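Peer 1: Below is one structure. I have some questions about it.
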Amino acid sequence: MNNIRYDSSKEYRNAKKMGERELLYWQSRGKDGYLPALEEILKDEHIISEVSLGIIEVPIKKVKGTLYRSRKSAFAKNFMPLLEEDTEFAIKWMNLFEAQQEEGIRDAIIAYEYLNKFYVVEGNKRASVLKYLDSPSIMANVKRLVPKYDEMDLNIRIYYEFLEFYDKTKINMIWFKREGGFKELEKILFDYIKKNKENPKEFFRYFEKSIYWNFRKIYHELNGEKLPITTGEAFLYYLKKYGIEKSILDKELKLQVRLIIKELEDIYIEGRKNIFHDVFLSLIKTHSEKHLNIAFLYRNRIEESTWVKSHDIGRKYLEERFKDKVTTFYIENVEKEKSYDVIKELVEQNYDLIITTSFDYMDSTYKAAIEFPNIKFLNCAGYKSYRNLSVYFGRIYQPKFLSGILAGTMTKSNKIGYIAPYPLPLFIRSLNAFALGVKMVNPKAKIIIKWTKEWINKEIEEKTTLELINKGIDILSSNMDTLIPLIIADKYNIYNIGYNIKTDHINPKTYLAAATWNWGPFYEKIIKKLLNDEWVITSTKNREDLRKYWYGMDRKIVRLYKSKSLIPGQTEKLVGIMKHLIKNREFDIFSGPIYDHNNNLIVDKNESIMDEDLLKIDWYLDNVEGELERVIFSTDKQV
C-alpha cells in the first residue's frame, strides 16, 4: 500500500500556470492558444476513409488536441488546464492525478488519428494529467482518418509513406519530416530481421519499446533536441552508423549518442575544420603550375540582368585572384532550348570547367555531364548532380528575411508589394522568408505577391508594378533581374528593395535595401580545389551536402545592403542584431510556430524546417496575399 500523499491541488495550480503561460505565448503572437479541435481542422479537408486501429499505445507527445471545439477552451495548446481550481473540471483532474500516482490510469482514451496526430474524443483530462507528468505514452482506442492523397502537399506525401511503414511494422513513435525516411528505416529493419531470423511482430515491438526508446531517452538527456531535426531523423542517422544493437550497455549507448550529436552538429552547424582544411591546403599547395580554362553560361545579357551581373562580377574576381592560373570566357543570352548545344561546343573547345549559372540549364548540364565524364560542371540553383556535376546556390533568403524586417518597420499602409518571376521553390522560399521578417515586427502588414512568369520582360514588369502601386502599397520588394520595378517605384516615391547586386545609385531617395550575391569567394573556393587536383561533388540528395550547397551569410556568399540615410537608427540596430544571430547560427529563420495562408500549422513551436523541405517549399505564409499560385518545378511554357 502506497502511503505517500500528493498535494493534487498544488499540482493543478502548477499545471494551470503552465497552461496560462502557453495561452499568453500564442495570443501575444496573434494566434489561437487554446487546444486544437479536430472539428475545425477537418472543415475543409477531404477524408477518404476511416480505419479502426483498436486499442494501441500512443506516444503522449503526439496527442495534440480534442475532437470538439466546445471542449478546447478548457485547455491551452499544450494540454494544460485553464479552468479555476474550484470547478468540477479541476476536481476531476486532481482525482485523476492522484489515481495515476497511486495505481496508474487504466482506462484507454478514445481518439482519432489524423496525419499521425491524435485528437481526443473522450479522456481529455486523462491526456492532460499524463502530459503534465511527462508520461511517454497513453493507451487509446483509435480510429484513423485518411486524407485524400495530394502530390503537392509534402505533409500528406510523408504521411502516406508512414501509412505503408505502419501497415508493415505497427511502429508509430518515430516520425520524419522529409520524404524517404520511412522507406530507409523499413529497409534497415527488414534486412536485420532476415539476417538474424527474427520474428517480425515481436522484433518490431521490442525495437520500438527498447532500442528506439533507449536512444530517445539518452538523446534528450544530451540535449539532442536542440538540433533542427526530429528525433527519428537522428535515430536513423545512428542506425546507419552503428546498426541495430540489442544488448548494448547504457554507458556505451550514451557514448555513441554523444558522438552522433556531435556529427549532426557538424552537419547542421558547419564545422570550422572545413575552413581550416581549405586554408591549410592553399598554404601547402601554392606552387601548382596547373592552368584552368573556365567557361560561364549566362541566360541574359550582363548589362540588362542583375543576376547575370552578379555572376560576372564573380568571374572577374577569379581573374583578379588567380591571374595567369585561370582563363575565363563567357557566353551571354543563351536560351534554355539551345543551352545543350552551346555546352557541347564548349566541351569541344577543351574547357576544364563549365559553369552554367541558371536553373534553366539544369537538365542540359546534367545531360552533358553524363555524356562528357572528363569535364567538370557546376550548375547554379539546380538539383541534379553527377560525379562530374556539382550544384550550388546560397541562402539568399537570409538577407531577404532581414529586408522584410526593414519593410515591416517602414510601411505605413501595411501593404507591401512583392514581384518575382516564377513560383519556383527558390522564389517562394525567399518570399516566405521576407514575409517572416515583416511579420516579426509588424503582424498587421500584408505582402501582395505578383508573378511575371518571365525572367526578363520589361512590359510585364512595368504593368505588374503599376498594378501593385494601384493597390496602395508603399514599399516594393523586387525579386526580378531588371531594375524596371525599382525605377517605377521610385517615380511614385515608393520605397523599394532590390535583388542580386546593389544599385542604390539609380534611385538613392527610395532605395531601402537589397539582398545581394557575392559569388567571387565561392568560385575562388572551387578553383583552389581544382588547381590542387581536388574535386568535391555537392548534391541536394545528402544532408551532409546541403550545407555546402547552401552557403549563407556566415560564409559571406549572400549579403544585405541597407541605406543608412533612409533607415531609422533603431531599425538598423535591430537588423544588425538579427544579422549577427543568423551569421552565428543562433537563430533559424524558418523556426516555428509558422502558419500558412490557410492557417495550417507548418512548423510547430521549438521546431525548424529541414533543408530538404526548404528545397521543395510549396506553401505561402499567412501574411502573404495576391497570386498564391501552385509551385512549379520547370519554367517550360504551359500549353
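What follows is calculated from the coordinates using simple rules that are stated; it is not laboratory data. Keep in mind the model is a prediction, meaning the values are calculated, not measured. Please note: Cβ atoms are built from the backbone with ideal geometry, for glycine as well, and neighbour counts cover all protein chains shown.
Peer 1: Going by average Cβ neighbours within 10 Å, how do the peptides 459-471, 245-257 rank, with the highest at the top?
Peer 2: My ranking of the peptides, most packed first, is 459-471, 245-257.
Peer 1: Right, here's the next one. Mind checking the range 443-503 for chymotrypsin sites (Phe, Trp or Tyr not before Pro) that DSSP puts in a loop (not H, G, I, E or B) and that have at most 15 other Cβ atoms within 10 Å?
Peer 2: Taking the range 443-503 and a limit of 15 other Cβ atoms within 10 Å, the loop chymotrypsin sites (Phe, Trp or Tyr not before Pro) found are Tyr492.
Peer 1: Calculate, axis by axis, the spread of Cα positions in the range 1-148 along the three principal axes, and write the results as whole Å, longest axis first.
Peer 2: Principal extents (Cα only, largest first): 52, 40, 24 Å.
Peer 1: Please check which bits of the range 107-136 a label hung off Glu88 would reach, taking the label as a point 7 Å along Cα-to-C-beta and the cut-off as backbone N under 13 Å.
Peer 2: none
Peer 1: Counting Lys and Arg as +1 and Asp and Glu as -1, each charge on the Cβ, what is the dipole of the range 127-210 about the Cα centre in debye, to the nearest 20?
Peer 2: It comes to approximately 280 debye.
Peer 1: What ranking, highest mean first, results for peptides 623-632, 472-481 when packing means the other Cβ atoms within 10 Å averaged over each residue?
Peer 2: 472-481, 623-632
Peer 1: Here is a follow-up. Which of rounded, prolate or oblate describes the range 292-357 when judged by the alpha-carbon gyration tensor and an a/c cut-off of 1.5? Mind showing how you got there, number by number?
Peer 2: On the way: a/c = 3.07, a/b = 1.12, b/c = 2.74.
Here the range 292-357 falls in the oblate category.
Peer 1: Could you pull out every one of the lysines with an alpha carbon less than 23 Å from that of Lys251, ignoring same-chain neighbours closer than 8 positions?
Peer 2: Cross-link targets: Lys209, Lys217, Lys226, Lys240, Lys241, Lys262.
Peer 1: Name the shape class, rounded, prolate or oblate, that the alpha-carbon gyration tensor gives for the range 351-396, where a ≥ b ≥ c are the square roots of its eigenvalues, rounded holds for a/c under 1.5, and otherwise prolate holds if a/b is larger than b/c and oblate otherwise.
Peer 2: Prolate shape, in that a/c is at least 1.5 and a/b is the bigger ratio.
Peer 1: Right, next: Take every Cα pair under 8 Å in the chain that's 6+ residues apart, average their separations, divide by the length, and report that relative contact order as a whole percent.
Peer 2: Once divided by the residue count of the chain, the mean separation gives 10 percent.
Peer 1: Something else now. Could you order peptides 193-201, 21-29, 521-529, 405-413 by the average number of other Cβ atoms within 10 Å of their residues, highest first? Mind dumping the intermediate values first?
Peer 2: Details: 193-201: 11.6, 21-29: 15.0, 521-529: 18.8, 405-413: 21.2.
The packing order, highest mean first, is 405-413, 521-529, 21-29, 193-201.
Peer 1: Could you run the Debye sum over the Cα atoms of the chain, one equal point scatterer each and no solvent, and tell me log10 of I(q)/I(0) at q = 0.07, 0.08, 0.10, 0.11 Å⁻¹, two decimals?
Peer 2: Ignoring solvent entirely, the Cα scatterers give -0.53, -0.69, -1.03, -1.20.
Peer 1: Where a ≥ b ≥ c are the square roots of the eigenvalues of the C-alpha gyration tensor, would you call the range 519-638 rounded, which needs a/c under 1.5, or, failing that, prolate if a/b is larger than b/c, or oblate?
Peer 2: Values: a/c = 1.75, a/b = 1.19, b/c = 1.47.
Oblate.
Peer 1: Where q = 0.08, 0.09, 0.10, 0.21 Å⁻¹, what log10 of I(q)/I(0) comes from the Debye formula for the range 97-246, counting one point per Cα?
Peer 2: -0.27, -0.34, -0.42, -1.43
Peer 1: On to the next question. Taking 0.36 nm per residue of separation and subtracting the Cα-Cα distance, what length does fully extending Glu45 through Glu627 add? Could the numbers behind the result be given before it?
Peer 2: Working: separation 582, 0.36 × 582 = 209.52 nm, distance 2.21 nm.
That works out to 207.3 nm of additional length.
Peer 1: Then there's this: With +1 on each Lys and Arg Cβ and -1 on each Asp and Glu Cβ, and nothing else charged, work out how big the dipole of the chain is about its Cα centre, in Debye to the nearest 20.
Peer 2: Charge dipole of the chain: 1260 debye, to the nearest 20.
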